[in-house]
There are 2 protein chains.
Amino acid sequence: MYRKASYGSELDQLIQLLSKLPGLGPRSARRAALQLIKRKDSVMRPLSTALAEVAEHVNPCTTCGNLDTTDPCHICDSEKRDMSTICVIEDVADLWALERAGAFRGLYHVIGGTLSALDGVGPDDLNIFTLIERALADSVQEVIIATNATVDGQTTAHYITDRLKDCDVAITRLAHGVPVGGELDYLDDGTLTAALNSRRPF
Amino acid sequence: MYRKASYGSELDQLIQLLSKLPGLGPRSARRAALQLIKRKDSVMRPLSTALAEVAEHVNPCTTCGNLDTTDPCHICDSEKRDMSTICVIEDVADLWALERAGAFRGLYHVIGGTLSALDGVGPDDLNIFTLIERALADSVQEVIIATNATVDGQTTAHYITDRLKDCDVAITRLAHGVPVGGELDYLDDGTLTAALNSRRPF
């Protein structure tokens, strides 16, 4: 017999909202709420403030789609970045991953998802038109398509390549192959085939 | 090569605070932050408000230790509860679990943890003194000790029993046995032994 208990409306509301975070279910939301109450000054109040601050001040960059307090964002606005290369990614999380790797010094373009017939996501739902506009600028020489290596990601990559063919830019994509530190035994056939086909002189 | 990227100080701060929630690490905190930004009005701002509200208004009940906006809490204050029985639990989460089961109509007493020599938790760190004070009242006839069935929980149960022996109350504890819906094959020896020893006529 499971009955939904009431912990008081404020707490109920908090637990319900916490359980909407990815990775937290109802049980872990309750644990989180209790832990927050135990650490009111060190975590709970600062978290409340941080949420309000970010909700107020952080918005997508109108040029590239990155999230920042300024528009254009600090990457689009930086003089240290290579203006001739645009890397196309699905999501801001992918931009963060590339920035963490620190291997790319160009600009980004977040398209905001993938084409998906099942989910009813068409080209107009993604920021592809603005990408073409940017690619038409004289300064841009290369567009690197770094969508995920999933079926939807690759479909989107092909669509973007097609739309960019009238722009005077080189279109490249990330290499497929063996992940650094990966063991061959654990890799799928597709990755191994791609790694073999793209083998390079030692 | 892993470099800590900066996502802008507001976002960094939010991600850092989110990663302190139980069940969220740095990666899931980043995912949570991105999802929150996508749902600013439906989740992010309400969550900020809920956190501030709970931090401001929810406090432990000075009688039983339950968390509520009122003091005494709605359980201590309710006329429908059985004032003659006090159930001793470790944590507010345990109180919530018992309330969800809906099988107990008495009052609670949250001691706030267990005795633990390793973690340096002694009797003075728990709300045991206030429990004894409550148990001395004429109205109280039974104290049910419902600490967890762990070593520390049982040690604490024995200590509390010892301290309550001068109070004129019956001291009981939760039954050990086969969990409802549980399979014998998966149970540990201790539980099976307890279930056998406490067998009851059919």
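Here are some notes:
- The stretch B:143-202 - residue that is in a loop (DSSP other than H, G, I, E, B) and charged (D, E, K, R) and, of those, nearest to B:L115 (Cα to Cα): B:K165
- Scope the stretch A:120-142; condition assigned to a strand (DSSP E or B) and touching a residue at least 40 places away in the same chain (Cβ under 8 Å); matching residues: A:E142
- The conditions of being aliphatic (A, V, I, L, M), over 30 Å from A:N197 (Cα atoms) and surrounded by 15 or more Cβ atoms within 10 Å (Cβ to Cβ) are not met by A:V169.
- From the list A:E99, A:E79, A:E53, the one residue that fits, being out of contact with any strand residue (DSSP E or B) (no Cβ under 9 Å at 6 or more places or on another chain), acidic (D, E) and assigned by TED's automatic domain parsing to the domain that holds A:T147, is A:E79.
- Looking across the stretch B:103-142, just one residue is at pLDDT below 90 and within 14 Å of chain A (Cβ to nearest Cβ), and that is B:A103.
- Restricting attention to the stretch B:85-129 and to residues that are surrounded by fewer than 17 Cβ atoms within 10 Å (Cβ to Cβ), over 23 Å from B:D168 (Cα atoms) and of a type in the set (D, E), the residue that is nearest to the chain's Cα centre (by Cα) turns out to be B:D125.
- For the stretch A:144-170, filtering for residues that are aromatic (F, W, Y) and within 9 Å of A:V88 (Cβ to Cβ) leaves 0.
The values are calculated or read from the model by the stated rules, or taken from the named source; none is laboratory data. Just so we're clear, the structure is a prediction, and the values are computed from it rather than from any experiment. Reconstructed Cβ throughout: ideal geometry from the backbone, glycine too, with neighbour counts over all protein chains shown.
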